[in-house]
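In what follows, a structure is listed as structure tokens, so that the remarks can point back to it.
Rule-based calculations on the coordinates, nothing more; no lab input. The model shown is predicted, which means the values in this text are computed figures rather than measured ones. Cβ: placed from backbone, ideal geometry, glycine included. Neighbour counts: every protein chain shown.
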Amino acid sequence: MNILLLTTHLNFGGIASYIVNLAGELKKRGHNVLVVSSGGNFTDALARKGVEHIDIDIKTKSELSPKLIFAFFKLKRIIIKRNIQIIHSHTRVTQILSHFLNKSLNIPYVTTCHGYFKPHWGRRVFACWGDITIAISAAVKKHLIDDFRLDENKIRLVYNGVNVKPKTQYDNEKIRVGLGFPREAPIIGIIARLSPVKGHKYLIAAMKHILNIETDARLLIIGDGPSKEKIVELIKDEKIADNTLMICARSNLEELFSIMSVYASPSVNEGLGLSLLEAQANYVPAVGFKTGGITDVIEHEVTGLLVEAFDTKALAGAIVRLIQDEELAGQIKRAAYKNVWEKFSIINMAENTINVYKEVVK
């Protein structure tokens, strides 16, 4: 099958990771995959998987941007030349493009809803959800039905997938020293775009409570985004700068997972949580807010610990519990890894997505 994956950009984030994972797995299965976007720091990852990428400037959040007109004609030529059989779009802007390409060329298209959208009039009147809409979690599926009145028969639940493989042994002492961490200090990690929805401020507030009990604990914040300056100020205001390290995302995330004692997911509005899944696939016990798709991933006291959203003391307590109770942490790590393998692997995601493609093309 000749498949076009269409997204706004490939910078750090869940959508870029999703596309790299999906494109690579589709390629392995013998499909011709082309990714079109404005580019970004994940294009190298695509190249390593042997997936072709074409750069078209569609990096905009505006549905009325003139960029879409130029992109439409470029994409039209590409689709005809490559004999594309299906378009798979991943952002609101690319949904609009896919809609008009569908009308012009009669090419079927599907969309993946990666999270939550405000149901403003434009989305309601000019929906552009495609022939089939993929929801990445049960919570997102409910959002599509309740807030956008999508026909349940046109929604398919396909969980995000991550690479699941046997645990790799790393030189943890070397990694810790390289980051400036003490050799034995418990490390709480979070990997997420630096934006309010990801809940960094609640984890920073929780860190003050954690340090009252685990005085050597360290907070490792990995990511970049529009809220970086505000988060830096919060860390200073809470007086936890000496116990906190912020770094940009990097390719060797497995090494960073290997030194984490606990992974925190305090997002207030999460579609599913790809980094949370990656943490569990790397044997890191996790704590999350009881919101959105996080509840698809974490079953309380089985595959992680859940606390009520915004409750920073409860978040701190759950993190300390996993640091101090090694038996519980071990049970959760093993159960979570098994759950990711059975339910959230790239293999499952690719198989289920291909089934959607076949359904639409047929």
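Computed values, structure above
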read-out: Pairwise centroid distance, computed over Cα atoms, of the range 275-304 with the range 1-59, Å; value: 26
read-out: Calculated log₁₀ intensity ratio I(q)/I(0) where the Debye formula runs over C-alpha points of the range 253-362, q = 0.10, 0.14, 0.22 Å⁻¹; value: -0.31, -0.55, -1.16
read-out: Residues LYS313 and ASN102, FRET efficiency given R0 of 35 Å [Cβ-Cβ distance, rounded to 0.05]; value: 0.10
read-out: Dipole of the range 14-65, positive direction: furthest Cα of LEU26, PHE42, HIS53, with charges on the beta-carbon; value: LEU26
read-out: Under 5 Å, built H, 5+ apart or other chain: amide partners of ALA286; value: TYR263, LEU305
read-out: DSSP-loop trypsin sites (Lys or Arg not before Pro) across the range 171-273, with at most 15 other Cβ within 10 angstrom; value: ARG183, LYS239, ARG250
read-out: Distance cut-off 13 Å, percentage of C-alpha pairs in the range 31-99 lying past it; value: 66
read-out: Cα centre as origin, Lys/Arg/Asp/Glu Cβ charges: the chain dipole, Debye; value: 1480
read-out: Principal-axis tilt of helix 67-82 within the chain, Cα atoms, nearest 10 degrees; value: 70
read-out: Value of D in µm² per second that Stokes-Einstein yields for the range 1-125, Kirkwood Rh from Cα pairs, at 20 °C (1.002 mPa s); value: 147
read-out: Straight-distance crosslink candidates among aspartates and glutamates, where the alpha carbon sits under 17 Å from LYS208 and sequence neighbours closer than 8 are dropped; value: ASP216, GLU233, ASP237, GLU238, ASP242, ASP311
read-out: Long-range amide H partners of HIS300 with built H, under 5 Å; value: none
read-out: For ILE134, residues with placed amide H under 5 Å, excluding near neighbours; value: THR111, THR112, CYS113, ARG156
read-out: Ranked ILE332, ILE247, criterion: other C-beta atoms within 10 Å, fewest first; value: ILE247, ILE332
read-out: Helix-derived mean residue ellipticity, 222 nm - over the chain, DSSP H n ≥ 4, -39500 (n - 2.57), to 500; value: -13500 deg cm²/dmol
read-out: For the range 190-230, size of Cβ-based charge dipole, Lys and Arg +1, Asp and Glu -1, in debye; value: 180
read-out: Integer Hz, Karplus 6.51/-1.76/1.60 couplings in order for the range 266-275, x for Gly and Pro; value: x, 5, 9, 7, 10, x, 8, x, 5, 5
read-out: ASP131, ASP216 arranged by Cβ crowding within 10 Å, fewest neighbours leading; value: ASP216, ASP131
read-out: Neighbour-limited loop hits for trypsin sites (Lys or Arg not before Pro), the range 111-173 (at most 14 other Cβ within 10 Å; DSSP other than H, G, I, E, B); value: ARG149, LYS167
read-out: Residue-wise HN-Hα coupling along the range 293-308, computed from phi with Karplus coefficients 6.51, -1.76, 1.60 (Hz; x: Gly, Pro); value: x, 4, 6, 6, 8, 9, 9, 4, 6, 10, 10, x, 10, 10, 10, 5
read-out: Ratio Rg/Rh, restricted to the chain and using Cα atoms, in which Rh is the Kirkwood radius; value: 0.98
read-out: Per-residue HN-Hα couplings for the range 333-350 [Karplus 6.51, -1.76, 1.60; θ = phi - 60°; Hz; x = Gly/Pro]; value: 4, 5, 5, 5, 4, 4, 5, 5, 4, 7, 10, 10, 7, 4, 4, 4, 4, 5
read-out: Spatial separation of Cα centroids for the range 176-217 and the range 218-263, in angstrom; value: 7
read-out: Convex hull (Cα only) mean projected area of the range 123-227, reported in nm² to one decimal; value: 10.7
read-out: Violating pairs (Cα-Cα greater than 19 angstrom) within the set LYS61/LYS103; LYS201/LYS236; LYS228/LYS290; LYS28/LYS154; LYS76/LYS118; LYS118/LYS198; value: LYS61/LYS103; LYS228/LYS290; LYS28/LYS154; LYS76/LYS118
read-out: Overall Cα dimensions of the range 172-343, principal axis frame, Å, largest first; value: 40, 34, 33
read-out: Residue order, fewest to most beta carbons within 10 Å, for SER104, SER265; value: SER104, SER265
